[in-house]
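The values are calculated or read from the model by the stated rules, or taken from the named source; none is laboratory data. Since this is a predicted model, take the numbers as computed values, not measurements. Positions of Cβ are generated from backbone atoms using ideal geometry, with glycine treated the same way; all protein chains shown enter the neighbour counts. The protein model used for the area step is the full one, side chains on, heavy atoms only, and it has no ligands, DNA or RNA in it. Shrake-Rupley method; radii C 1.70, N 1.55, O 1.52, S 1.80 Å.
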Amino acid sequence: MAQRFFAFWDFWGPVIITFTLYLGIRNYLAEARYIPSGSMLPTLEINDRLVIEKLTFRRRPPKRGEIVVFNSPFSFDQKLISERSTQLPSTLKCTLLSLPLINLIPGLGDPACDAYIKRVVAVAGDEVFVGFQGELFVNSQLVNEPYVERFCTLSANNLGNCKSLRAKVPEGHVFVLGDNRRNSWDGRFWPGSQFLPHKEIIGRATWRFWPINRIGGLR
């Protein structure tokens, strides 16, 4: 019996320890993420690889200008949840679906298990206004956003192809936008609530480690 146990542990022990350490580091310290869309252009390009650290927001709430990764609105927006034909997936299922290789299997994914990346542009108590071109005013002041190059276009009657929004950010929430204002599904368009709850934030994007010619911190 002892020999069987040691034989089992010799083979599976390193696998179990490695998997446990991976999940522990990923859930509590940091994880790697890649960018699948152009919603944060030009700051982040498709297939950029980022380090997402998870300690900062345990000490303080997010600040304006920080880039955050968060759970899909399909997992917390009540209007989107009400339109589902099935129950929300469990945390365990979403964790398994996010593992390397498993997340490449077609047909297994669920939009509620996805993660999004946007920039915090307003925090609790801020009065926010987003114009038809995607221009941003916080507390009646136009915000200088050098990281935004792709604003929404205006039609002949001066109406943009993006949604305008005016609201006040509630406690325990932030308001997020993509840097690519003309092509970002962000707080302007979420049907149930425009605001991102603090508890849905996974972490802060701090460092790009791929591609090599663009390695560096994020701003």
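Residue pairs whose Cβ atoms lie under 8 Å apart, sitting 6 or more positions apart in sequence or on different chains, and linking a residue in the stretch 36-61 that is at positive phi to a partner that is in a loop (DSSP other than H, G, I, E, B) and crowded, with 17+ Cβ neighbours inside 10 Å, are Asn47/Ile35. Starting from residues that are small (Gly, Ala, Ser) and farther than 16 Å from Ala115 by Cα, keep the ones in the stretch 171-196 and report whichever is modelled with the lowest pLDDT. Out of the qualifying residues, it is Ser193. Residues that are part of a loop (DSSP other than H, G, I, E, B), within 29 Å of Pro170 (Cα to Cα), modelled with pLDDT of 95 or more and in contact with a Phe, Trp or Tyr (Cβ under 8 Å, 6 or more places away or on another chain) do occur in the stretch 23-39, at least one of them.
Are any of the residues in the stretch 104-117 in a helix (DSSP H, G or I), in contact (Cβ under 8 Å) with a residue 12 or more places away in the chain and of a type in the set (Ser, Thr, Tyr)? Within the stretch 104-117 (the criterion being in a helix (DSSP H, G or I), in contact (Cβ under 8 Å) with a residue 12 or more places away in the chain and of a type in the set (Ser, Thr, Tyr)), the answer is no, since none of the residues qualifies.
Working only within the stretch 85-94, note down all residues that are open to solvent by less than 80 Å² (accessible area, probe 1.4 Å) and free of Cβ contacts under 8 Å to residues at least 12 places away in the same chain.
Listed by number, the list holds a single entry, Ser90.
Summed over the stretch 133-163, residues that are of a type outside the set (A, V, I, L, M), open to solvent by less than 40 Å² (accessible area, probe 1.4 Å) and either at pLDDT 95 or above or assigned to a loop (DSSP other than H, G, I, E, B) (or both) total 4. Would you point out the residue of the stretch 31-52, among those that are under 15 Å from Asn71 (Cα atoms) and surrounded by 17 or more Cβ atoms within 10 Å (Cβ to Cβ), that is farthest from the chain's Cα centre (by Cα)? Applying the filter and picking the extreme gives Glu31.
So in the stretch 188-215, with the set limited to residues that are free of Cβ contacts under 8 Å to residues at least 60 places away in the same chain and either part of a loop (DSSP other than H, G, I, E, B) or among the acidic types (Asp, Glu) (or both), which one is farthest from Lys79 (Cα to Cα)?
Looking at the filtered set, the residue picked out is Ile215.
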